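Working notes, beginning with the structure itself.
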Amino acid sequence: MPGSRVLAPFRKKSLVGVVVEMVETPPEGTKIREISKVLDLLPALTPKLIELGHWIAGYYLAPVGEVFRGMLPPATDLSLRREIVLTEAGRNLVADLQAGKVLTDLSTQQVDFLRKLSEKKSHILLASSGKLGIAPEDLQRLQRRGFLEIRESMHGRRRKRQRIVAWKGPQDASAQLGEKEERVRSLLTTERGPLPLAKLLKLAGVSRAIVERMLRDALLESWEEAIDPAEDPFDPGYIPPAHSLNEAQERAFSAVRSRFELGEFGVLLLHGVTGSGKTEVYLRSVQEALARGKTALVLVPEIALTLWIGRQCHAWFGAHFEGVAVLHSALSDVERAREWWRVRNGQARVVVGTRSAIFAPVENLGLIIVDEEQENSYKQEETPRYHGRDVAIVRAKLESAAALLGSATPSLETYHNAVNGKYELLTIATRVENRSLASVEIVDLRRDFAQTFQTSPISKALHDGIAECLEFHTQALVLINRRGYSWSVLCRSCGASVQCVNCSISMTHHKSRNRLECHYCGSIQPVPKTCPKCDSKCVYFFGEGSEHLEERLRKEFPGARIARLDRDTARTKQQYQETLGAFAGGALDILVGTQMLAKGHDFHRVTLVGVVSADSSLSLPDFRAAERTFQLLTQVAGRAGRGELPGRVLIQTFYPQHYAIQDAVRQDYLSFYERELNFRRLMGYPPFSSLANVIVRDKNLEKAIRWSRRLSEYFSPYDGKGARVLGPASAPLARLKKEHRYQFLLKSSKRSLLTKLLSGALSFCDANEIPQTAVLVDMDPLSLL
Ligand code: ADP
Ligand code: ZN
Ligand code: ZN
């Protein structure tokens, strides 16, 4: 059946494939091989998903096999379990026989078996039935007579555990350690941190005996950890707040309902300011879809939000509709497979998840919600490079469902479609219960410097604002867009900066780990005492990151309870949730962090949000820089004043006159939209054109150059004929993970023309022996780096 996974012979191996089509006669000139095994009784992919897969492969120019691979459930070691279960009739028979009430024509073995089964809580594994001395024929007979049943179910294997080893000895132990011990210490401290035992042995190249000895000498400690910790995402006692919809919410919801009544495809954009109660509208819409016998998909931009929205869905729908499934990449394969099959078997009719949940195998789809549709995380930055929101719209169309996109700051493309009438625009302009939007003020850093002559990341205004929060026992959020201590290391004598050995990017100083790190490839270097180029002692650390900001805040507010949330402190989901939980519960006064803090969270005691540097995102070489800055600042401002207390936002900047900042201050989306749209029109950028980015890359510089020249022979004749081809030029990230990168940028007002050009380019590469891996094609790119 189409959509089923099968095992097929491939050279000398067997590989898993998917049936995409059944044909009566094989295409001419092809050699036919037998399929060795059909793996699915119920095809894994639904017909609509197969159709969607073909669309993705064609539109994003990705190999169709890779697309289907991303749609399939993880091939885990789920095991099929067969259980023998005593039926009601069987139980009655045993009871009656024991009471001497009836006679039976069953053999003694059969009766014995039924009795034993009733003693074993009425069910045993089929595999162990032999031990109870019953022959297969007898089993079948009992089954036919209706005294027992054989049930099949899928189960995950028991979770594996692993031993984690960490350093316990003194930090300055190096002098007393042998070479091997020192290697272990260095790995477990500055280089990597705690590691699974097996990994440590491999990385350090030492024997197990050495590690055991160091454990005995209390230089190391170790503990057991589940490889994927069990976690019930839903808190069973949770009762969601029951709000009746206010007028604006009601209006938005009834538009969705009318769409359902039409029963045809349509896209709705819910543009609601932060705190306008969009979640409530989503939940009612899902409820409405379910009531009409349909299913619903809810996409959220990050894992933490799956829990937040999933929990509400579960509380709303879990009991009536057998459940809500959650799908995201942090689940273990076993968990993901279980959720996936619950959806496929029709047990879960609501799916909440991140990007790839758009491929959830629901049938009879009525509604797809894409929350925070402008988020970059919906774009997959590896093959197939699809955009989850765009795929959501295509899928909704294939399934004649409604797509509901929600945002306080819609992407320019989406809002443009709404203004043009392609999407239905629903607006909620005020916060719930008429709470006011936070007041946003600019702190002009040029003026601050003129007054204080200080180069602290915290201006006087921000300092005073935080002091006020502490005095009145409210909370402050402070945002900075980089992690680490300082993001550049410069030599004052020769001007050289320390660059990554693999990438053309400066290394970031991490003070607590005492090393430099590359945030693109993860390579590390020791902190230089002298300049690596000229040996000068005047090395200078420049540009504050989150670690620096935290240190500074601790100095300025010694009594305050402060925590930091970024990818360094929130390595695991648990750490992340602990810190957020502590803040939400009032155990912290100030939370410092990166963008992670800007999204979605609903904290009620935050009265101040400080943005330490609004400018760094403005200066990126990217036509979306202004849009990103505006979105980030508006989202951040949305974190303040969500409870009864009014909120205040301070934005520190050197460019107070920039429209992205001005409009963010007024939280005026429409004004920003108009101005940005003008810029895009002038420059011929989306939504006035379609873009494609092509990167030619190789570790060998000469090859990268040669191939990009060749490819340019293919592209240049098309330039000016309905499309613009810019390049080849050195990509903004000219070197990444040891690869040299050259870039073509394609622009056209006709998207289909770009698709044609690009698929032509790929065949050209094939014909000219330019390897597939060297050419990276990105249709509708979000990042041009
Ligand atoms: P948004 O996603 O639009 O920023 P949320 O959906 O998070 O906003 O809602 C903000 C807060 O308002 C939540 O605490 C929610 O419980 C509350 N809320 C939603 N609808 C109503 C309503 N009709 N009346 C009162 N409070 C509401
Ligand atoms: Zn130097
Ligand atoms: Zn690097």
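None of the figures in this text is laboratory data; all of them are computed from the coordinates on show. This one's a predicted model, so the numbers in the text were calculated from it and none came from an experiment. Every residue, glycine as well, gets a Cβ built from its backbone with ideal geometry; the counts of neighbours run over all protein chains shown.
Worth pointing out:
- Compared with the dominant Cα axis of the chain, that is its longest principal axis, helix 388-398 is turned about 40°.
- J(HN,Hα) series, segment 486-493, from Karplus relation 6.51 cos²θ - 1.76 cosθ + 1.60, nearest Hz, glycine and proline x: 9, 9, 8, 10, 10, 9, 6, 7
- Between E149 and L177, full extension at 0.36 nm per residue minus the direct alpha carbon distance yields a gain of 3.6 nm.
- Counting beta carbons within 10 Å around each of T87, T25 and listing the fewest first gives the order T25, T87.
- Taken about its Cα centre, segment 607-763 carries a charge dipole of about 720 debye when Lys and Arg each add +1 at the Cβ and Asp and Glu each add -1 at the Cβ.
- Phi to ³J(HN,Hα) by Karplus 6.51 cos²θ - 1.76 cosθ + 1.60 over segment 296-311, Hz, x for Gly, Pro: 9, 10, 10, 9, 10, x, 8, 4, 4, 6, 4, 5, 5, 7, x, 4
- Residues with amide H under 5 Å from that of V440, placed H, sequence gap 5 or more: V649
- DSSP bridge pairs, the chain: antiparallel proportion in percent, nearest 5: 55
- Against the chain, whose longest principal axis is taken from its Cα atoms, helix 625-637 shows a tilt of about 70°.
- Projected onto its three principal axes, the C-alpha set of the chain covers 103, 72, 64 Å, listed from the longest axis down.
- Per principal axis, descending, Cα span of segment 325-406 in whole Å: 30, 29, 21
- Projected label distance in nm at T530 and E137, using a 7 Å step from Cα toward the beta-carbon: 9.3
- Pairs from K37/K756; K379/K422; K199/K537; K180/K573; K37/K294 whose Cα-Cα separation, in the structure shown, is over 27 Å: K37/K756; K199/K537; K180/K573; K37/K294
- Between the amide H of A496 and those of C491, distances stay under 5 Å, these residues lying 5 or more places away or on another chain, with hydrogens modeled in the peptide plane.
- Spin-label pair L245/R567, simplified geometry with 7 Å Cα→Cβ offset, distance in nm: 3.9
- Selection from G146, A761, A95 lying farthest towards where the dipole of the chain points positive, charges on Cβ: A761
- Peptides ranked, highest mean first, by Cβ atoms within 10 Å: ranges 586-594, 415-423, 718-726, 100-108: 586-594, 415-423, 718-726, 100-108
- 3J(HN,Hα) from dihedral phi, segment 502-507, Karplus parametrisation 6.51/-1.76/1.60, rounded to Hz, x for glycine, proline: 9, 10, 8, 8, 6, 7
- Near S523, the amide H atoms lying under 5 Å from its own belong to C518; only residues 5 or more places off or on other chains count, and H is placed 1.01 Å from N.
- Compared with the dominant Cα axis of the chain, that is its longest principal axis, helix 333-344 is turned about 70°.
- Note on I35 and A291: the extension gain reaches 88.0 nm, defined as 0.36 nm multiplied by sequence separation minus the Cα-Cα distance.
- Based on Cα contacts under 8 Å between residues 6+ apart, the chain shows a relative contact order of 10 percent.
- Normalised by 2.2 N^0.38 Å, where N is the number of residues, the alpha-carbon radius of gyration of segment 509-661 equals 1.19.
- Cβ charges +1 (Lys, Arg) and -1 (Asp, Glu), total dipole of segment 252-306, debye: 100
- Using the Cβ-Cβ distance between E264 and A767 with R0 set to 60 Å, the FRET efficiency works out to roughly 0.85.
- Cα pair distances exceeding 18 angstrom across segment 22-93, given as percent: 66
- Cys residues of the chain counted as unpaired, since no other Cys beta-carbon is under 4.7 Å: C313, C469, C521, C538, C765
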